[in-house]
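These notes concern the structure reproduced below.
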Amino acid sequence: MARAAGSTRFEGIVFFQAKSLTKGQAVLRGLLMALFFGFVLVLGPSGVKSVHGAGFALYEFGARGTSMAGTLLGRADDPSAVAYNPAGITQLAGTQTMVGFSLVMPEGTVETPGDSTSIKNNTWVPPHAYITHEISDRVWLGLGVYNRFGLGTEFPDGWPGQYNNLFTRVKSLSLNPNLAYKVTDSLSVAVGAEVMWFDFYQKRMVGRPLGGIKAELDGDSWGIGGNIALHYKPSDTWALGLTYKSRVKQTITGDATFQRNPAATALGYFNNTTAEGDITLPDSFGLGVMFRPHARLSLEANAIYTLWSTYDKLEITYGSPLTPGSPLGDNKVFSTEKQWNDVWRFQFGMEYDLTDLVRLRLGYVYDQIPDDDEHADYMTPTNNRNIVTTGIGFAKDKFSLDLSYSYLWFDERNIQGRPADGVLDSTFKDGRTHLVGASLSYRF
């Protein structure tokens, strides 16, 4: 349940004038700019939403990484390494920053008996912002503002599955400071903390025996997690990355509101009330190996294991009974079994330096879904995903610009109906997502 973010005002932020910058002021200005752009993109009208990752995990941490299918666990050699593998920031000299965003445009269809419904077309905008700073020849600091989780699925009013889902939106924002230490010239380690804001909003129909009532849940939460990472680069030919991102428990509090009809009003049912629910967001392990067969060509393969079994149910406790005195119960607790599974994501990417100024990139992802057919529903109407990625990078002096494009698709999936959950016999089909990304980097 999440409280939707509205417009946000930024007051009292003053950047140092360029002509009077010291090194410390330059670092602070870079940090403020990264945070400012990250929060503007997150809290602006578009919000942070996606239907791209397995379950509702996100991997769009930067356009360069996205164009190579996320294979920056081993490379970890630009500011987005804060999100991919923070131990790799020891490869970044001085102070470096990156800001950017992705545009995610999903499509899909759900077929139910006698009906075919298209998911509403929306464009979601996950942002990212990073800064890294070399304190000494052994110690680096890195800070990232990015999204680990997000979801957006919307159907038209009146569609057959409206008693399961009309609109579900998950937004998150992680503030992730890291400390990286170069143990030897080849080996680096990092440890970080994660402060995560999590927002949940859902709209669906309830009260079928009373003729149907539109219900909305809206709430948010803050949670704490962390990460550890290792980067090993024995030569320019090979590099290895290992990462762990912890699970984050969120206790979401907010409000439940109902558009009551005359029957519900007469009975005193479905009054607006508070609502609360817990969710434990999963931890994940990542392994990446980079191989450079030629000075201009690098290849990398990654495997990421996400423990989605932490998401065993969606349970909401209301502040007051929804149907007090009803012979069917007061309906103070709503619970849906999820029973998600731990899953793998496999990524393969390449980068070719066409010239000193231009780099070309390709990649492929196979992404397993965590929900089995017995628990699938219309919040995540999808199947195992295939993603092809490509992109281009331009570098000149202290600036670099990276652009990416990805195409995601999945095969048809059939599930059996579960009337108690509002799920009908269904086929998920024509699922595809177009994703465009851009990142701008600057090296002080």
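The values are calculated or read from the model by the stated rules, or taken from the named source; none is laboratory data. Here the structure is a predicted model, which is why all the values come from computation and not from measurement. Positions of Cβ are generated from backbone atoms using ideal geometry, with glycine treated the same way; all protein chains shown enter the neighbour counts. Note: accessible area is taken over every heavy atom of the protein model, side chains too, but ligands, DNA and RNA are not part of it. Shrake-Rupley method; radii C 1.70, N 1.55, O 1.52, S 1.80 Å.
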| request: Report the calculated FRET efficiency for S136 and D353 (r = Cβ-Cβ distance, R0 = 30 Å), to the nearest 0.05. | output: 0.50
| request: Give the accessible surface of the chain per residue, rounded to a whole number of Å², with probe radius 1.4 Å and ligands, DNA and RNA excluded. | output: 41 Å²
| task | Work out from phi, with θ = phi - 60° and the Karplus expression 6.51 cos²θ - 1.76 cosθ + 1.60, the ³J(HN,Hα) of each residue of region 278-294, listed in order in whole Hz, and give x for Gly and Pro. | result | 9, 9, 9, 6, x, 8, 8, 10, x, 10, x, 10, 9, 10, 10, x, 8
| said: If you wrap a convex hull around the alpha carbons of region 43-177, what volume per residue comes out, as a whole number of Å³? | reply: 108 Å³
| message | Could you tell me the calculated FRET efficiency between L440 and R296, based on Cβ-Cβ distance and R0 = 25 angstrom, to the nearest 0.05? | response | 0.60
| Computed helical MRE - 222 nm, the chain, DSSP H runs ≥ 4 contributing -39500 (n - 2.57), nearest 500 | -2500 deg cm²/dmol
| request: Determine the sum of side-chain charges near E337: Lys and Arg each +1, Asp and Glu each -1, restricted to other residues whose C-beta is under 12 angstrom from that of E337. | output: -4
| field | Coordinate range along principal axes, alpha carbons of the chain, Å, largest first | value | 71, 48, 32
| query | Each residue of region 143-151 in order: what ³J(HN,Hα) in whole Hz does its phi give by Karplus 6.51 cos²θ - 1.76 cosθ + 1.60, θ = phi - 60°, with x for Gly and Pro? | reply | 9, x, 10, 7, 10, 8, 9, x, 7
| message | Tell me the net charge near K245. Cut-off is 11 Å between Cβ atoms, K245 excluded, with +1 for each Lys or Arg and -1 for each Asp or Glu. | response | 0
| message | How large is the direction-averaged shadow of the alpha-carbon convex hull of region 368-426, in nm²? | response | 5.7 nm²
| For region 100-196, what is the per residue volume of the convex hull drawn over the alpha-carbon atoms, in cubic angstrom? | 132 Å³
| field | Proximal charge balance of A256 [Cβ under 9 Å; K/R count +1, D/E count -1] | value | -3
| said: Rounded to the nearest 20 debye, what is the charge dipole size of region 238-358 about its Cα centre when +1 sits on each Lys and Arg Cβ and -1 on each Asp and Glu Cβ? | reply: 80 debye
| remark: For the chain, the longest principal axis of the Cα atoms and the Cα long axis of helix 23-43 enclose an angle in degrees, to the nearest 10, of 20 degrees
| query | Contour minus end-to-end for V333 and A303, with contour as 0.36 nm per residue of separation and end-to-end as the Cα-Cα distance? | reply | 7.0 nm
| task | For H133, tell me the accessible area in Å² from a 1.4 Å probe, rounded to the nearest 10. | result | 40 Å²
| How much length, in nm to one decimal, is gained on full extension between Q416 and T273, taken as 0.36 nm per residue of separation minus their Cα-Cα distance? | 48.2 nm
| Pairwise FRET efficiency - D425 versus F285, Cβ, R0 = 35 Å, nearest 0.05 | 0.45
| task | For region 213-322, would you read off the P(r) tail past 17 Å as a percentage of all alpha carbon pairs? | result | 69 percent
| query | With no solvent and one point per C-alpha, what does the Debye sum give as log10 I(q)/I(0) for region 315-444 at q = 0.12, 0.13 Å⁻¹? | reply | -0.70, -0.76
| said: Could you work out what % of the accessible surface of the chain is carbon and sulfur, using a 1.4 angstrom probe and leaving DNA, RNA and ligands out of the count? | reply: 58 percent
| remark: Relative contact order as a percentage, the chain, C-alpha pairs under 8 Å and 6+ apart, gives 18 percent
| Distance from region 324-347 to region 57-78 (C-alpha centre basis), Å | 33 Å
